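The values are calculated or read from the model by the stated rules, or taken from the named source; none is laboratory data. Since the model is a prediction, treat every value here as computed from it, not as a measurement. Reconstructed Cβ throughout: ideal geometry from the backbone, glycine too, with neighbour counts over all protein chains shown. When the accessible area is computed, the model is the full protein with side chains, heavy atoms only, and any ligands, DNA or RNA have been set aside. Shrake-Rupley method; radii C 1.70, N 1.55, O 1.52, S 1.80 Å.
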Amino acid sequence: MNRNLRKQWIVTPDQLPAIIRRCPKCGKKTEFINSGKFRVNANGRLIDVWMIYRCGQCKTSWNMAIWERMEAGRLEKEEYEGFLNNDPDLAAKYGNDRDLFGRNRAEAAASKAEYHVTAVDTALSCGEDHAMEIEIRIPPGFDLRADIFLMQQLSVSRSRIKKWCEDGLILSGGQVLSPKGKIRDGMLLQIKKEACCWEQEEAFKMIQYHMI
């Protein structure tokens, strides 16, 4: 595998976040678990789409509205078919949308934000000044803090990530990365070669080969 190629890190949540709302059967607020499935209703030219949740205690179902009374022509065919087929990418997209939760008068339950990362090489070469370039793919609404994410993926300390950022050795789209910033879908992280001088060369090789 050519280690000079730009990598793509694909972040996938291990489970979709639960939401908190009042359960009419339990008579109190409970956690509702995301089933990963959609309900679609087509009435003439209008389409309704919901995501199905179930109370974690009594299993009562609740449908979270994604689209209501949407004109059929405004919904992309690929997404519509994805709803019909319970596409997991769509489930991750809408199942992490905090704004959507708010519009449905629900709130996200506390989550440990557990996830896994798949790394693949792209066909693009890294810039001459960069030891690594990483393109991030992450579901919308899945919030990860940059320094914690990189600490885990690069197997270095959080303070080291912060120092690299302060020294301008980690860039995001050509700008110095804020360690407190959020990891966003499509962002390009660039780690300069000077970052490898902080410790022995073998330590940085471990970083380069960490994601296989």
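Here is the figure for segment 107-118: residues that are modelled with pLDDT of 90 or more and closer than 14 Å to Lys29 by Cβ total 0.
For beta carbons closer than 8 Å, sequence separation of 6+ or different chains, a first residue in segment 87-101 that is touching a residue at least 40 places away in the same chain (Cβ under 8 Å) and a second that is among the polar types (S, T, N, Q) and outside any loop (DSSP other than H, G, I, E, B), the qualifying pairs are Ala91/Asn34; Ala92/Thr12; Gly95/Asn34.
Here Asn34 fulfils each of the conditions (1) at pLDDT 95 or above; (2) open to solvent by less than 40 Å² (accessible area, probe 1.4 Å) apart from (1).
Quick one: which residue in Arg69, Arg45, Arg22, Arg74 is at pLDDT below 95, open to solvent by 60 Å² or more (accessible area, probe 1.4 Å) and on the phi > 0 side of the Ramachandran plot? Going through Arg69, Arg45, Arg22, Arg74 in turn, just one is at pLDDT below 95, open to solvent by 60 Å² or more (accessible area, probe 1.4 Å) and on the phi > 0 side of the Ramachandran plot: Arg69. Where strands (runs of 3 or more DSSP E) sit wholly within segment 8-64, those with at least 2 residues that are hydroxyl-bearing (Ser, Thr, Tyr) occupy 28-43. Segment 104-183 holds strands (runs of 3 or more DSSP E) entirely within its bounds, and those carrying 3 or more residues that are open to solvent by 80 Å² or more (accessible area, probe 1.4 Å) and touching a residue at least 60 places away in the same chain (Cβ under 8 Å) map to 115-125.
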